[in-house]
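Structure record follows, encoded as structure tokens.
The values are calculated or read from the model by the stated rules, or taken from the named source; none is laboratory data. Since the model is a prediction, treat every value here as computed from it, not as a measurement. Glycine also receives a Cβ, built like all others from the backbone with ideal geometry; neighbour counts cover every protein chain displayed.
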Amino acid sequence: MKEYINVAILVSVISWAAAQLIKAVIYAIKYKTFNPERLFGSGGMPSSHSSTVCALVITIYRMEGLNSSVFGLAMIVAMITMYDALGVRRAAGLHAKQINRLRHIVDELDEEILDDIDEKVDNEEEDPDETKELKEFLGHTPLEVIFGALLGILIGLVFPTDYFI
């Protein structure tokens with residue numbers, strides 16, 4: 001009995017892993033330190049979201065054709081994913097960066113001012129001094145999305161889909 005592998009999922013996962021590995025290497029070269037979060041986290045160059053969905057689209061195109069409903073669905077999901085990475089998630093990352101910046105400024109204020117603020121904000125569940133910094137790597141620049149998409153397209157084109165059918 002021949003075992004079947006879902007090639008679309010396999011190629012998409014390979015493309016995601018390649019983007020994450022490239023992202024971690026670029027980060028290590030740029031900052032001269034290895035950050036394991038870059039292997040699994042979002043944001044950065046190249047966009048693993050774009051890479052994953054573009055690999056999926058190309059693989060489905062190669063297997064099912066341009067007129068396939070599954071291809072159309074994959075294409076729409078890819079467009080929404082890349083739009084979201086450029087828009088909402090990028091904006092959230094920029095907001096987090098500014099909030100973290102403001103938090104650092106507040107941390108540098110005189111202790112008396114902070115005590116006054118703490119007394120006025122007594123309904124908070126978390127201690128303001130113990131809050132974690134917000135994650136800033138959320139979305140992507142247009143260039144990160146483009147390179148992620150190109151990586152996914154390349155992997156989707158070179159992976160041998162007919163071998164597994």
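Polar (S, T, N, Q), within 12 Å of Leu150 (Cα to Cα) and either within 21 Å of the chain's Cα centre (by Cα) or surrounded by fewer than 24 Cβ atoms within 10 Å (Cβ to Cβ) (or both), is that true of Ser50? Here the answer is yes, as Ser50 does meet what is asked. Count of region 53-68 residues, restricted to those that are among the hydrophobic types (A, V, I, L, M, F, W, C) and under 14 Å from Pro160 (Cα atoms), is 5. Would you call Thr59 surrounded by 15 or more Cβ atoms within 10 Å (Cβ to Cβ) and either among the β-branched types (Val, Ile, Thr) or modelled with pLDDT under 95 (or both)? When the stated conditions are applied, Thr59 passes them. In the set Thr59, Thr52, which member is in contact with a Gly (Cβ under 6 Å, 6 or more places away or on another chain), of a type in the set (Val, Ile, Thr) and in a helix (DSSP H, G or I)? One residue alone meets the criteria, Thr59. In region 1-16, which residue that is modelled with pLDDT of 95 or more and among the hydroxyl-bearing types (Ser, Thr, Tyr) is surrounded by the fewest Cβ atoms within 10 Å (Cβ to Cβ)? That would be Ser12.
Of all positions in region 37-48, at least one carries a residue that is over 14 Å from Ile155 (Cα atoms), modelled with pLDDT under 90 and charged (D, E, K, R).
Restricting the first member to region 134-160 and to residues that are in the same structural domain as Val11 (by TED's automatic domain parsing) and surrounded by fewer than 16 Cβ atoms within 10 Å (Cβ to Cβ), and the second to residues that are at pLDDT 90 or above and of a type outside the set (Ser, Thr, Tyr), the beta-carbon pairs closer than 7 Å and six or more apart or on different chains are Leu157/Ile58.
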